[in-house]
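One structure below.
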Amino acid sequence: MEATAGLAAIALALTGPSGWALAAYAWWTATMIVLAFVDLAVMLLPLRISIASAAGVLILLAAAADWHAWRRAATAAIVLAVLLAILAVAAHGQLGWGDVGFVVPFAAALGWESWWSVYTGVLLGFGSAALFAIARRKMRRLPPGSTLPLGPFLIASAMTVLVWP
């Protein structure tokens, strides 16, 4: 876990923002890595960690004083949380409330960059999870009706979008 956090922090520092925005992304990276490992281990995204991540990210981004970007980040977080809440209700257990809480810091971090980053991160995350599930089913390693942790796919897609030039 420590090596992953170190590599992610270096990647963000070399390709990402500076100042308060860098502090926000460092906080986001640390909490996302914890969430990814927890989700992989027990298929659970603890709401307490997601709330701490979202609060830290939004407060640190507010300190960066780019109000247009901050409003976009907050709006992206709200919109994506509402959309996933609707999906969670419609999916009857296939998408958990931990996933709904998790997308708040996920969307805020991507929304700070642009709406395009939000769209790309979501599509890349859900798409890679779907392709992984299809491949595992074809190899008969994922029984019908079983689920995958979504968090690591979304986190990997967000990191890709944030560090990609």
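The values are calculated or read from the model by the stated rules, or taken from the named source; none is laboratory data. None of the values given here were measured: they were computed from a predicted structure. Cβ sites come from the backbone with ideal geometry, for glycine too, and all protein chains shown count toward neighbours. Ligands, DNA and RNA are excluded from the accessible area calculation, which covers all protein heavy atoms including side chains. Shrake-Rupley method; radii C 1.70, N 1.55, O 1.52, S 1.80 Å.
Within region 1-22, residues that are under 23 Å from SER114 (Cβ atoms) have Cβ atoms under 8 Å from residues that are among the hydroxyl-bearing types (Ser, Thr, Tyr) in these pairs: ALA8/THR29; ALA9/THR29; LEU12/TYR25; LEU12/THR29; GLY16/TYR25; PRO17/TYR25, counting only partners at least 6 apart in sequence or on another chain.
All conditions but one from (1) under 17 Å from TRP28 (Cα atoms); (2) open to solvent by 50 Å² or more (accessible area, probe 1.4 Å); (3) in contact (Cβ under 8 Å) with a residue 60 or more places away in the chain; (4) not acidic (Asp, Glu) apply to LEU47; the one that does not is (3). Scanning region 1-27 for residues that are farther than 15 Å from LEU162 by Cα and not in a helix (DSSP H, G or I) yields one hit, MET1.
Out of the residues in region 109-148 that are in contact (Cβ under 8 Å) with a residue 60 or more places away in the chain and closer than 26 Å to ASP66 by Cα, state the one that is least open to solvent (accessible area, probe 1.4 Å). Step by step, filter region 109-148, then rank; the result is ALA109.
Of the helices (runs of 4 or more DSSP H) lying entirely inside region 67-165, not one contains at least 2 residues that are hydrophobic (A, V, I, L, M, F, W, C) and in contact with a His (Cβ under 7 Å, 6 or more places away or on another chain). Can you pull out every residue in region 50-66 that is surrounded by 18 or more Cβ atoms within 10 Å (Cβ to Cβ) and assigned to a helix (DSSP H, G or I)? Selection gives SER50, SER53, ALA54, GLY56, VAL57, LEU58, LEU60, LEU61. Taking the criterion of being at pLDDT 85 or above, of a type in the set (A, V, I, L, M, F, W, C) and either within 17 Å of the chain's Cα centre (by Cα) or open to solvent by less than 50 Å² (accessible area, probe 1.4 Å) (or both), the residues of region 12-29 that qualify are ALA21, LEU22, ALA23, ALA24, ALA26, TRP27, TRP28.
For (1) over 16 Å from PHE106 (Cβ atoms); (2) touching a helix residue (DSSP H, G or I) at 6+ places or on another chain (Cβ under 9 Å), each residue gets a yes or a no:
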{"position": "ALA3", "(1), (2)": "yes, no"}
{"position": "PRO17", "(1), (2)": "yes, yes"}
{"position": "TRP20", "(1), (2)": "yes, yes"}
{"position": "ALA36", "(1), (2)": "no, yes"}
{"position": "PRO46", "(1), (2)": "no, yes"}
{"position": "ALA54", "(1), (2)": "no, yes"}
{"position": "HIS68", "(1), (2)": "yes, no"}
{"position": "ARG72", "(1), (2)": "no, yes"}
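Would you mind stating whether VAL103 is modelled with pLDDT of 95 or more, of a type outside the set (Lys, Arg) and open to solvent by less than 20 Å² (accessible area, probe 1.4 Å)? Spelling it out, VAL103 is indeed modelled with pLDDT of 95 or more, of a type outside the set (Lys, Arg) and open to solvent by less than 20 Å² (accessible area, probe 1.4 Å). Scanning region 81-138 for residues that are of a type in the set (Ser, Thr, Tyr) and either touching a Pro at 6+ places or on another chain (Cβ under 9 Å) or under 19 Å from LEU45 (Cβ atoms) (or both) gives a single hit, SER128.
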